[in-house]
Structure formats: C-alpha cells, structure tokens
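> Quick one: structure below, then a few questions.
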Amino acid sequence: MPRKLFVLIAAAALAVAGLGAAQTATAAPPPPVPASPDFGPNVIVFDPSMPQSQIQATVDSIAATQVDNEMGTQRYALLFKPGTYGSVTHPLVFQVGYYTEIAGLGQSPTDVTINGEVNVFNRCLSANNCIALDNFWRSMSNLTINPVGGSGCRTNTEFWAVSQAAPLRRVNVRGNLTFMDYCTAGPQYASGGFLADSQTRNIVNGSQQQFLTRDSSIGGWSNGVWNQVFSGVTGAPAQSFPTPPYTTLATTPASREKPYLYVDAAGAYNVFVPAARTDSSGPTWTVGQTPGRSLPLSSFYVARPSDTAKAIDKQLARGKNLLLTPGVYNVDRSIRVNHPDTIVLGLGVATLTAVDGAIPLTVGDVGGVDIAGLMIDAGTVNSPALLQLGTGHGERGDHGANRGSGPTALQDVFFRVGGPHAGKATVSLVVNSSNVILDDIWAWRADHGTGVGWTTNTADTGVVVNGDDVTATGLFVEHYQKYNVIWNGENGKTVFFQNELPYDAPNQAAWRHDGVFGWAAYKVADNVTTNQLWGGGSYIFTNVDPTLHATRGFEVPVKPGIQLHDLLTVNLGAGTLDHVVNDTGGAATTAHIGVPVYVVSGP
C-alpha cells in the first residue's frame, strides 16, 4: 500500500493584520500501482529489472521441457514487460519449444527489445533426420529482436525454422533472419510458415516449401521452393509464378490483426483489439499506434483449465470477454459466444478438447467477434464440428452480420483430429456467418502421433464455408478423408492455401465418390458464381496404398467469376494426382517426386 505524502505549506506574510497563521494542505496521493493479475503458474512475466541470469535459467528450463514435447499437455506463455533484455556483450539467447508463446507486453513492438536470439532449430528425429517439418504449435509476437550472440554457423542470426501453426506477428527483426536451420545436419526441410504485421531485414527462406507473408515490410527474400505468397508486403519480390514460385498481391483484400495483451504506463493490463482493414498493406504500427480499441483486463473472464465449460459459458452470457490461460480444457458442452464484439483470446496455445461429442466453441449470429490463439482438439466421441460460426439459420447467417463493430475474425486458430489421443469430428470449422476473416488457420487430421488410422481418427472435412464475403489469409488444411475444404458461400477469397491429401486411405474403394478417384482438396460448390484463390498447393503421398489416384487437387465450376491463380500439385513419393484443377494440368506422379505441376490460371 503506498504511503500518503503530506506537504506542509508555510503561510505567506500578509499585509492584512491578524492574518499570517500557517496553513496546511494535503496533496492528492499518487494512484496505486495495479496488482499483477494471476494468470496461473504457466504464464511467466519477465521484467527488465530482473537479473538476466534468472531470466536465462527460466527460459532454458522451459525450452528443455518443451523442445521435444510434441504431443504433451504442458502449455506456457512467456511475456516480457516493456524494456530491454540482454546486451551485445551478454545477449539473451534461448529456444522456443512446443506449446510456447513468446510475446512482448508493450503497445508497440519497439517497446520490448531483446538483444539476442529467440530460436527454433531443426528437431532431430534420428541422428540423420533433423528437420523442421514437425515444428508446430508455438509463436512469437510484439517485440524487437537485435540478433546477437550464438556461435559458429548461428552467430548473430535469428532462426525460426518452423512449419504450420507457428506464426510470427508484430515482430521487428533488426538483423539476420532465417526460416530454415541450415546449421543442423540435414535434410533441413521446413514447410508452411506464416509472418504478418512485421518488419524485417533480408530473410533467408531456404527450404521452406510454402510460406505466407502478409501486410509486412521486408528487406529481401532469398528464394522459393514450391509456393511462396506475399500479400500487402513492402519489399516483396515481384509476381513471377512459377519461376520462381512467387505470388505477389499489392494489397490484402481484408485483414484484421490478432488482439494482444499489453501493460500501460500505469502498470495495468489491457487487451488491444486492432481495427479491421480492407485493401491493406504494410505493418499497422510503423507510422504510429495501431488503429483499434483497448479493453481493460477487468472486462475479461480469466479462465483456468480447471474451469468447467458451464462456468466459462456463464461468464460469456454476462457479457464478459474471455482470456484462456495456458492448459488443456475439457469441454463437455459448447462454450457459446452470443454477444457482438466479444474477444476470446488464448495464451500459450490454450487448448479446448471435445468431450462426449460436444462442439467446443460456437458463435451466434453476431458480428465483430474475434477468436485468437487457440487449439481445438477432437475427442474420442465424434463431434459434428469443433468450432461453428453462426447458427446457419436464415440466408447463410448474414442476418446477424451488422450486429457488431466489424467483421468476425479468427487468428491463429488450430484444429486437431488425432495426434495426442484418438479423435473424431465430422468437420473441424464451419463458417455459417458472412463477413468473416480467417487468418492463419491450420486444420489437421493427424498423420502421426496417437490415435491415428483410417477408421480411428475419422474426419470428413476440415473447413466448410457457407457464409458470403469470407476471406481466408493463410488456410492450411490437411489429411481429411473427403473434401478438405468446401466453399458454398459467394464472394469467397483465399490468399494462400496449403494441403496434403490423406496418407492412409487403405484402398481406392475407400477413397472415391461418384466415379471420381479420391476427393479434391479445395471444392467450390457448383452453384457458386464468385470465388477467388491466389497461391494454392495440394500434395499427394498415399503411403498405405501407393497405387491410389486422386482425380484432381482443385474442383470448381467453370464460370467467369471463379478465378484461381497460381496453383500446383506435388507428388511426395506415393500415389498419383491426375490433374491440378478439374481436368486441367498434368499428373503429379512418382516419376517426378517433389517436382510441382503448375497451372497459372484456372479453371
């Protein structure tokens, strides 16, 4: 409790006789310093006044626990208050493992500076198999890195060798940055990264097979493998698909940056919600404060993994926003968002797991909702969906589109069917609402881990879009047993799509329909008249039965308003993908493993 300060004010000599007695007055006390919120044991908040040895020991201990913990239940958020950490002579250098979020707590990325490196390296699955292909489920955001430290091949370089579900957002990298780990023994593959609202110098893309960079400023880009997409990026390479395979859009059709936690000048915690943009380009923060609104933490219910879905649902019904602290939440009934402009923000890859076939999270016919930083897992009893936006009543749910301050958005929302345990879900994400932004979505029917098999982790489709005017920027959907994506709404736009067809179909009879071999990765419904996609890839690797065929990677109606740009299919070593889009494009076969088949414009 701060002490009150009392100031004695001496009386001035007065000309009027009889006056001159000393007078006292009490100055207003300074405002109390807000108490730090209790985010639970797996949120660690660092302050620049802490001894660096203490910070180093903490981050190293968590990295040692998490760097190989691919299917574990531990979750961590490491948050840095405004200030400077490390120095040129004593840099702060550490690794980021699974289920670990690194974030600055400033209003701007320049408020938190790390002199050092925050690295993700290749994971060695065996002595001669060190790759980044399974480096998932981690993130870094809202800070500046001056890459110093390291040794040998890694000296003064920020390494972020990742694949899906490992985004970089609002980062300011003032030095060497690489998206591959070229220092660890090969083969050094990486596949599926995401960078948004950031500023960097030259980037070594290296072995990244596909990558989306959105609304950023970069100093340069080293090369491309299969599918590199730039949307609203200053300094991006020119459009040149397929040689090199760069798809470059001057602006992003629709965007909304992820909400973030920050500490204000008084020491209070708040959540900043960036405003939506259309035809956007460049970072939101380099020429002033990011436009948007600030919400006090008191407007949020801060949930713990021990909370029941019923208790969380009750808080949302009262109009609270929701902050999910790190951990795994067992959800036996839907957590329902029915108020417009509600924010649901997860820390440390907070995970909702379906229990008894529940749909873990639903959103009513309201607008302006933002859901970010979550993993949603299927349970052992089949769920009809894992996340549902809109009820589906009325005309594509758009009767509620105006009940909110802007579009509904999902950022860094990831789905799993199988992997840590057996899981079943008919669809992972259903979008019934209109005017929605999907930003960095990975829907994954597991191809490895626990509970994996054609009849074990069953899932028809990853993403179904029924609403109109839905924009996806960074759509990763993999291994589903039927169409991986179905687009039923009008005026859909997808900027970057990455897919692997299911590995494990047992035979062609189990994987075919209506006289067609397999199922396309990306399906636009026959009655749709307008849909656009820029930069899409579908890959085949049917290792259970290498004789399998998929007739096509993309299946769309032939209409003037359906325009697909810069498509490719790739054979990864088994099976045959007969055509790229409809009956256009050659076959991806084992005669040319890893060599893309391109269609620049379709259908």
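> Just one of G220, G206, G186, G267 is at positive phi and modelled with pLDDT under 95; which is it?
On the way: G220 fails: modelled with pLDDT under 95; G186 fails: at positive phi; G267 fails: modelled with pLDDT under 95.
Within the list G220, G206, G186, G267, the selection yields G206.
> Sticking with this one: Looking at E257 and the list (1) in contact with a Leu (Cβ under 7 Å, 6 or more places away or on another chain); (2) under 30 Å from V369 (Cβ atoms), which single condition is not satisfied?
For E257, the failing item is (1).
> With the checklist (1) buried (at least 18 other Cβ atoms within 10 Å of the Cβ); (2) in contact with a Ser or Thr (Cβ under 8 Å, 6 or more places away or on another chain) in hand, flag the one item Q532 doesn't pass.
Condition not satisfied by Q532: (1).
> Looking at L295, is it of a type in the set (A, V, I, L, M) and assigned to a strand (DSSP E or B)? Break it down stepwise before answering.
Values: of a type in the set (A, V, I, L, M): yes; assigned to a strand (DSSP E or B): yes.
The answer is yes for L295.
> Give the residue, chosen from D514, D566, D583, D504, that is buried (at least 16 other Cβ atoms within 10 Å of the Cβ), acidic (D, E) and over 24 Å from F211 (Cα atoms).
Numbers: D514 fails: buried (at least 16 other Cβ atoms within 10 Å of the Cβ); D566 fails: over 24 Å from F211 (Cα atoms); D583 fails: buried (at least 16 other Cβ atoms within 10 Å of the Cβ).
Matching residue, one of D514, D566, D583, D504: D504.
> Those residues that are modelled with pLDDT of 95 or more and out of contact with any Ser or Thr (no Cβ under 9 Å at 6 or more places or on another chain), I need them from region 357-399; list them, please.
A372, T380, V381
> For region 554-595, what are the residues that are of a type in the set (A, V, I, L, M) and assigned to a strand (DSSP E or B)?
Looking only at region 554-595, we keep the residues that are of a type in the set (A, V, I, L, M), and these are 556, 558, 562, 564, 567-568, 570, 572, 574, 577, 580-581, 587-588, 591, 593, 595.
Selection gives I562, L564, L567, L568, V570, L572, A574, L577, V580, V581, A588.
> Same structure again: So how many residues does region 46-68 have that are among the aliphatic types (A, V, I, L, M), part of a loop (DSSP other than H, G, I, E, B) and free of Cβ contacts under 8 Å to residues at least 40 places away in the same chain? Reasoning before the result, please.
Pass one, region 46-68, residues among the aliphatic types (A, V, I, L, M): 50, 55, 57, 59, 62-64, 67.
Those still in the list that are part of a loop (DSSP other than H, G, I, E, B) too: 50, 67.
Adding the requirement that they be free of Cβ contacts under 8 Å to residues at least 40 places away in the same chain leaves 50.
Final tally of qualifying residues: 1.
> Specify the residue that is farthest from the chain's Cα centre (by Cα); the eligible residues are those in region 231-255 that are more than 15 Å from G536 (Cβ to Cβ) and among the hydrophobic types (A, V, I, L, M, F, W, C).
Applying the filter and picking the extreme gives A238.
> Filter region 413-459 for residues that are charged (D, E, K, R) and either outside any loop (DSSP other than H, G, I, E, B) or in contact with a Phe, Trp or Tyr (Cβ under 6 Å, 6 or more places away or on another chain) (or both); which is nearest to D377 (Cα to Cα)? I'd like the intermediate steps shown before the answer.
So in region 413-459, the residues charged (D, E, K, R) come out as 416, 424, 439-440, 445, 447.
Adding the requirement that they be either outside any loop (DSSP other than H, G, I, E, B) or in contact with a Phe, Trp or Tyr (Cβ under 6 Å, 6 or more places away or on another chain) (or both) leaves 416, 439-440, 445, 447.
On the way: R416: 5, D439: 19, D440: 17, R445: 10, D447: 15 Å.
Filtering region 413-459 for residues that are charged (D, E, K, R) and either outside any loop (DSSP other than H, G, I, E, B) or in contact with a Phe, Trp or Tyr (Cβ under 6 Å, 6 or more places away or on another chain) (or both), the one nearest to D377 (Cα to Cα) comes out as R416.
> Now, a different point. Taking region 588-603, which residues are surrounded by fewer than 17 Cβ atoms within 10 Å (Cβ to Cβ) and touching a residue at least 60 places away in the same chain (Cβ under 8 Å)? Spell out how you get there, then give the answer.
We begin by selecting, within region 588-603, every residue surrounded by fewer than 17 Cβ atoms within 10 Å (Cβ to Cβ); these are 589-595, 600-601.
If the condition is that a residue be surrounded by fewer than 17 Cβ atoms within 10 Å (Cβ to Cβ) and touching a residue at least 60 places away in the same chain (Cβ under 8 Å), then V600 is the only one that fits.
> Which of the residues belonging to region 520-548 are outside any strand (DSSP E or B) and over 23 Å from T455 (Cα atoms)?
Those that are outside any strand (DSSP E or B) and over 23 Å from T455 (Cα atoms): A525, D526, N527, V528, T529, T530.
> For region 69-93, enumerate the residues that are outside any loop (DSSP other than H, G, I, E, B) and on the phi < 0 side of the Ramachandran plot.
The initial filter retains those residues of region 69-93 that are outside any loop (DSSP other than H, G, I, E, B), namely 76-80, 83-85, 92-93.
Answer for region 69-93, where residues must be outside any loop (DSSP other than H, G, I, E, B) and on the phi < 0 side of the Ramachandran plot: Y76, A77, L78, L79, F80, T84, Y85, L92, V93.
> Could you list, in sequence order, all residues of region 112-129 that are surrounded by fewer than 21 Cβ atoms within 10 Å (Cβ to Cβ) and either under 19 Å from L345 (Cβ atoms) or among the aromatic types (F, W, Y) (or both)?
Here is the first cut: in region 112-129, the ones surrounded by fewer than 21 Cβ atoms within 10 Å (Cβ to Cβ) are 121, 123-129.
Answer for region 112-129, where residues must be surrounded by fewer than 21 Cβ atoms within 10 Å (Cβ to Cβ) and either under 19 Å from L345 (Cβ atoms) or among the aromatic types (F, W, Y) (or both): just F121.
> Here's a follow-up. Taking only region 446-462 into account, find how many residues are surrounded by 24 or more Cβ atoms within 10 Å (Cβ to Cβ) and either farther than 14 Å from A385 by Cβ or under 17 Å from the mean Cα position of the chain (by Cα) (or both).
We begin by selecting, within region 446-462, every residue surrounded by 24 or more Cβ atoms within 10 Å (Cβ to Cβ); these are 446, 457, 459, 461-462.
Remaining after also requiring either farther than 14 Å from A385 by Cβ or under 17 Å from the mean Cα position of the chain (by Cα) (or both): 446, 457, 462.
Final tally of qualifying residues: 3.
> Identify, from the list Q107, Q95, the residue that is assigned by TED's automatic domain parsing to the domain that holds T200, in contact (Cβ under 8 Å) with a residue 40 or more places away in the chain and not β-branched (V, I, T). Quick ask: steps written out before the conclusion?
Details: Q95 fails: in contact (Cβ under 8 Å) with a residue 40 or more places away in the chain.
Unique residue meeting the criteria: Q107.
> Next question, about the same structure. Report the residue count in region 138-179 for those that are in a loop (DSSP other than H, G, I, E, B) and either more than 19 Å from the chain's Cα centre (by Cα) or without any contact (Cβ under 8 Å) to a residue 12 or more places away in the chain (or both). Reasoning before the result, please.
Residues of region 138-179 that are in a loop (DSSP other than H, G, I, E, B), as a first pass: 148-151, 155-156, 161-167, 174-175, 179.
Filter once more, keeping what is either more than 19 Å from the chain's Cα centre (by Cα) or without any contact (Cβ under 8 Å) to a residue 12 or more places away in the chain (or both): 148-151, 155-156, 174-175.
Matching residues across region 138-179 total 8.
> While we're looking at this one, here's another question. Considering (1) among the aliphatic types (A, V, I, L, M); (2) buried (at least 24 other Cβ atoms within 10 Å of the Cβ); (3) over 23 Å from V263 (Cα atoms), say which one V88 fails and leave the rest.
(2)
> Next question. Taking the criterion of being under 29 Å from V599 (Cβ atoms), in a loop (DSSP other than H, G, I, E, B) and modelled with pLDDT of 95 or more, would at least one residue in region 250-261 satisfy it?
Narrowing region 250-261 to residues under 29 Å from V599 (Cβ atoms): 250-255.
Pick out the ones that are also in a loop (DSSP other than H, G, I, E, B) and you get 250-251.
Narrowing the set further to residues that are modelled with pLDDT of 95 or more leaves 250-251.
Yes - at least one qualifying residue is present in region 250-261.
The values are calculated or read from the model by the stated rules, or taken from the named source; none is laboratory data. The structure presented is a predicted model; accordingly, all values stated were derived computationally and were not measured. Cβ atoms come from the backbone with ideal geometry, glycine included; neighbour counts cover every protein chain shown.
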